[in-house]
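Presented below is the structure to which this report refers.
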Amino acid sequence: MILTDTHTHLYSSQFQDDRAEVIQRAIDAGVTRFFIPAIDSTYTQRMYDLEAQFPQNVFLMMGLHPCYVKENYLEELAKVEAEFAKRKFYAVGEIGIDMYWDKTTLENQQYAFRHQIQLAKKHQLGINIHCRDAFDEVFEVMESEKAPDLFGIFHCFSGDLAQANKAIDLGMKLGIGGVATFKNGKIDQFLNEIDLKHIVLETDSPYLAPAPHRGKRNESSYAVLVAQKLAEIYNVSVEEIARITTENSKEVFGI
């Protein structure tokens, strides 16, 4: 059984004391593929170090996180493009719009999101979308960029059924993580109406740990708990969830 964590911040300082053990725990649990989203240039070397330590398991994305669209965002976007000129990545991410922390940067976030979607098309890569309190804003940009070569993952999907279907229509798979296990998470109430071919697993570790670890540090081994929840929702085996979601991840990342 091979499980794929399509979104995990394993380079986070929250893992600085036991990173190797955390990764080994995940591998022992069957989670052997880790896709790593970028934040901004201050994290790039940490990502490369992680990849060097676990080259068979760690696959990197590159991009500028919307919460890090600051005054220097054009400089940061130039650094993203420079990294793509140097080497291979497996997606552009995480990118998108966040209206929870800072609404004043919306215009710049929209520019950065659109710019990076176009970068993904140029490199024939998928995107990994961060959306918080910003479904309308994210969909507006995506609609304007809609094309056969726009595809990817709507990371940490937490919307309703209509928003899920709209994301799928725009070429996205839904990244399902710990929220599916929350009593008030709501997405578990309609997920079985969405074909499994549109679903991938993620943890977003160290954030959003699934029940029964909610509120504690998340880690990639907990993807098993998400898979178990999805097995309940879809009334199939955990092995089937692992197989289908890993195949779906290969469609997005090409590996």
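The values are calculated or read from the model by the stated rules, or taken from the named source; none is laboratory data. Being a predicted model, the structure only gives us computed values, none of them experimental. Because the Cβ atoms are built from the backbone with ideal geometry, glycine has one as well, and the counts that use them run over all protein chains shown. Please note that ligands, DNA and RNA were not included when accessible areas were found on the heavy atoms of the full protein model with its side chains. Shrake-Rupley method; radii C 1.70, N 1.55, O 1.52, S 1.80 Å.
Within the option set 107, 94, being out of contact with any helix residue (DSSP H, G or I) (no Cβ under 6 Å at 6 or more places or on another chain) and closer than 23 Å to residue 175 by Cα holds for one residue only, 94.
Residues in region 100-136 that are closer than 27 Å to residue 197 by Cβ and of a type in the set (Asp, Glu): 136 alone. Look at (1) more than 30 Å from residue 20 (Cβ to Cβ); (2) out of contact with any Phe, Trp or Tyr (no Cβ under 8 Å at 6 or more places or on another chain) and you find that residue 97 fails only one, number (2).
For region 218-255, filtered to residues that are open to solvent by 40 Å² or more (accessible area, probe 1.4 Å) and aliphatic (A, V, I, L, M), the residue that is farthest from residue 20 (Cα to Cα) is 236.
Given the residues 97, 23, which is the only one that is crowded, with 22+ Cβ neighbours inside 10 Å and touching an Asp or Glu at 6+ places or on another chain (Cβ under 7 Å)? Working first, answer last.
Details: 23 fails: touching an Asp or Glu at 6+ places or on another chain (Cβ under 7 Å).
Testing whether each residue is crowded, with 22+ Cβ neighbours inside 10 Å and touching an Asp or Glu at 6+ places or on another chain (Cβ under 7 Å) leaves just 97.
Here residue 75 fits the description: within 23 Å of residue 102 (Cβ to Cβ), of a type in the set (D, E, K, R) and open to solvent by 20 Å² or more (accessible area, probe 1.4 Å). Within region 141-158, the set of residues being under 28 Å from residue 184 (Cβ atoms) and at pLDDT 95 or above comprises 142, 152, 153, 154, 155, 156, 157. Scoring residue 147 on the criteria (1) open to solvent by 10 Å² or more (accessible area, probe 1.4 Å); (2) in a helix (DSSP H, G or I) leaves a single failure, condition (2).
Restricting region 49-66 to residues that are under 18 Å from the mean Cα position of the chain (by Cα) and free of Cβ contacts under 8 Å to residues at least 60 places away in the same chain, the residue that is nearest to residue 107 (Cα to Cα) is 64.
Within the span defined as region 230-245, every residue fails to be in a loop (DSSP other than H, G, I, E, B) and within 23 Å of residue 65 (Cα to Cα).
All of 215, 185, 159 fail the test of being assigned to a loop (DSSP other than H, G, I, E, B), in contact with a strand residue (DSSP E or B) (Cβ under 9 Å, 6 or more places away or on another chain) and surrounded by fewer than 23 Cβ atoms within 10 Å (Cβ to Cβ), apart from 159. For region 198-244, a residue qualifies if it is within 11 Å of residue 5 (Cβ to Cβ), among the β-branched types (Val, Ile, Thr) and touching a residue at least 60 places away in the same chain (Cβ under 8 Å), and the qualifying residues are 200, 203, 224.
Quickly run through region 12-32 and pick out the residues that are in a loop (DSSP other than H, G, I, E, B) and either in contact (Cβ under 8 Å) with a residue 60 or more places away in the chain or under 14 Å from residue 203 (Cβ atoms) (or both). Break it down stepwise before answering.
Of all residues in region 12-32, those in a loop (DSSP other than H, G, I, E, B) come to 12, 16-18, 29-30.
Of everything in region 12-32, those that are in a loop (DSSP other than H, G, I, E, B) and either in contact (Cβ under 8 Å) with a residue 60 or more places away in the chain or under 14 Å from residue 203 (Cβ atoms) (or both) turn out to be 12, 29, 30.
Is it true that residue 173 is out of contact with any helix residue (DSSP H, G or I) (no Cβ under 6 Å at 6 or more places or on another chain) and either hydroxyl-bearing (Ser, Thr, Tyr) or open to solvent by 10 Å² or more (accessible area, probe 1.4 Å) (or both)? No: the conditions fail for residue 173.
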